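Colleague: Sending over a structure as structure tokens; questions will come in a sec.
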Amino acid sequence: MQIEERVRELVEEKIAGRDDLFIVRIKMHSNRLLEILLDGDNGIAIEDCAKVSRHVGFHLEEENVIDQAYRLEVSSPGIDTPLLLARQYAKNIDREVRVKTEDGSKREGKLVAVSDSHIVIEEKVKEKGKKAELIPAEIPFEHIKETKVLISFK
């Protein structure tokens, strides 16, 4: 069994019954960092990350899943981490986002809707001599290379 698969099982075991929490990514990096990114529909508390870390660390050691030294890091995705799951998009509705598409273009606007197949953002479009308009733009997930939430300090 792959390390990431076993870790996923352990995390799911620990967060079972917590419908508000979900796994964003589990990855064993080449520098022996085992990274677990968790999120919640209303954010995630550091206590939740600590509980998952203790649970996963204990079982990995008991089962001797990883036969070399490693570092375990359990956290929420940082502000600069791209959105990966539809559930992350849903929790960021009404926030400004920057979407990079497969063709290399960048689009910015307020995230207003999410479905299983696409997102909708309201883009400000300004034509010369006219007032800027908000135009809804539907972007299929298959065309999205990366989406990041834009932080406003207003």
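Colleague: Show the residues, 5+ positions off or on another chain, whose built amide H is closer than 5 Å to the amide H of residue 38.
Modeller: Those lying under 5 Å, H to H, from residue 38 are 24, 75, 76.
Colleague: Next up: How long are the three semi-axes of the equivalent ellipsoid of the stretch 82-154, in whole Å, if each is the root of 5 times an eigenvalue of the C-alpha gyration tensor, listed from largest down?
Modeller: Whole-Å semi-axes of the equivalent ellipsoid: 21, 14, 12.
Colleague: Quick check on packing: order 124-136, 33-45 by the mean number of other C-beta atoms within 10 Å, highest mean leading.
Modeller: Peptide ranking by packing, descending: 33-45, 124-136.
Colleague: Kindly provide the pair-distance distribution of the stretch 3-75 built from C-alpha pairs, with 10 Å bins from 0 and whole-percent values in order of increasing distance.
Modeller: It works out to 19, 58, 20, 2, in whole percents.
Colleague: What does the helix-only formula give at 222 nm for the chain: each DSSP H stretch with n ≥ 4 adding -39500 (n - 2.57), the total divided by the residues, and the result rounded to the nearest 500 deg cm²/dmol?
Modeller: Calculated mean residue ellipticity at 222 nm is -7500 deg cm²/dmol.
Colleague: How big is the C-alpha Rg of the chain next to the rule-of-thumb value 2.2 N^0.38 Å, as a ratio?
Modeller: 1.27
Colleague: Once amide H atoms are placed 1.01 Å from N in the peptide plane, what residues at a sequence separation of 5 or more from residue 123, or on another chain, have their amide H within under 5 Å of its amide H?
Modeller: Answer set, sorted by chain and number: 135, 137.
Colleague: Just want the ordering: 119, 26, 139, from fewest to most Cβ atoms lying within 10 Å of their own Cβ.
Modeller: Going from least to most buried by this count: 139, 26, 119.
Any read-out appearing in this document is the output of simple, stated calculations on the displayed coordinates, not a laboratory observation. Small disclaimer: the values here were computed from a predicted structure and weren't measured. Neighbour counts are summed over all protein chains in view; Cβ atoms, including those assigned to glycine, are modelled from backbone coordinates with ideal geometry.
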